[in-house]
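The structure appears below as structure tokens.
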Amino acid sequence: MANVNRINGFSPVGYLNGAKYTGQARLYAIPTTDTTASYAIGDVVQSAGGSDADGILYIRKIPAAQASSAVVLGVVVGIRVADPGVSLVGTTLSLEQLYLNAGTRTNVRYVYVADDPNLLFEVSAGLTATNFTAAKAGYNSGFGSYYSGADQTYAIDQNATVTTLSPSSPYSNMILPSSTVATTNTLPVRMLGIAQRPDNAVGAYARMLCRFNNHEFGVATGTNFTAI
């Protein structure tokens, strides 16, 4: 049976010691100076330097220039819709909104990030997934994106309206490209093979099990963050 096309970025599924993931996450802030990146559940982020007025640390989506060398903080697992202390009288809230568009932000926005360095994630291999079985040591040197039925070069803006992710919109469009599989143990992603489930097999849209090899709270041999 063919794999389901389910592009939704990185999804936490458990820990390296075999324990299940039960939803733990930490609150982080997106500064108003970050106008280039969109944010969706499943996106990979790193520290951005500085914090908001309450000391909540700023984060940024992994820059495209660091796709092969980034030190990762974690993965977005939630978007805060309304902030404490703000009057909601007469305000329409989009409780179903799971992403933040790129562009000018008048206020700091907040997301929840799964930032434990021992977390394991599932992520789609995208449309072209033919050489994962030859990965051997199984490291990956980059991130990719999925747009309109094809694997594309990784970009930090999903687009202004987040409409090209079908059928997974509005989740993250990040994938783990088979074209960047390597054996170098300093690369950002460590692959642990294909997730073993009856509905998952080698081939297009295979769900890969992986962890971050370069992590801010663990081993960090890659390119660390720079302030926005």
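One line per residue, one yes/no per condition, for (1) hydroxyl-bearing (Ser, Thr, Tyr); (2) open to solvent by less than 30 Å² (accessible area, probe 1.4 Å); (3) under 15 Å from the mean Cα position of the chain (by Cα):
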| residue | (1), (2), (3) |
| --- | --- |
| Val13 | no, no, yes |
| Asn17 | no, no, no |
| Tyr21 | yes, no, no |
| Ala25 | no, no, yes |
| Thr35 | yes, no, no |
| Ala40 | no, yes, yes |
| Ser47 | yes, yes, yes |
| Ala65 | no, no, no |
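Residues of segment 170-197 being under 18 Å from Gly42 (Cβ atoms), open to solvent by less than 40 Å² (accessible area, probe 1.4 Å) and not small (Gly, Ala, Ser), which ones? Answer for segment 170-197, where residues must be under 18 Å from Gly42 (Cβ atoms), open to solvent by less than 40 Å² (accessible area, probe 1.4 Å) and not small (Gly, Ala, Ser): Pro170, Asn173, Met174, Ile175, Leu176, Pro177, Pro188, Val189, Met191.
Look at segment 179-204: where a residue is within 9 Å of Gly138 (Cα to Cα) and touching a residue at least 24 places away in the same chain (Cβ under 8 Å) and a partner is surrounded by 12 or more Cβ atoms within 10 Å (Cβ to Cβ) and charged (D, E, K, R), sitting 6+ places away or on another chain with Cβ atoms under 8 Å, you get Val189/Arg211; Arg190/Arg211; Leu192/Arg211.
Considering the conditions (1) under 18 Å from Glu216 (Cα atoms); (2) assigned to a strand (DSSP E or B), Gln24 is excluded by exactly one of them, (2).
The values are calculated or read from the model by the stated rules, or taken from the named source; none is laboratory data. Because the structure is predicted, anything quoted here is derived from the model rather than measured. Backbone-built Cβ (ideal geometry, glycine too); neighbour counts: all protein chains shown. For accessibility, only protein heavy atoms count, side chains too; no ligands or nucleic acids. Shrake-Rupley method; radii C 1.70, N 1.55, O 1.52, S 1.80 Å.
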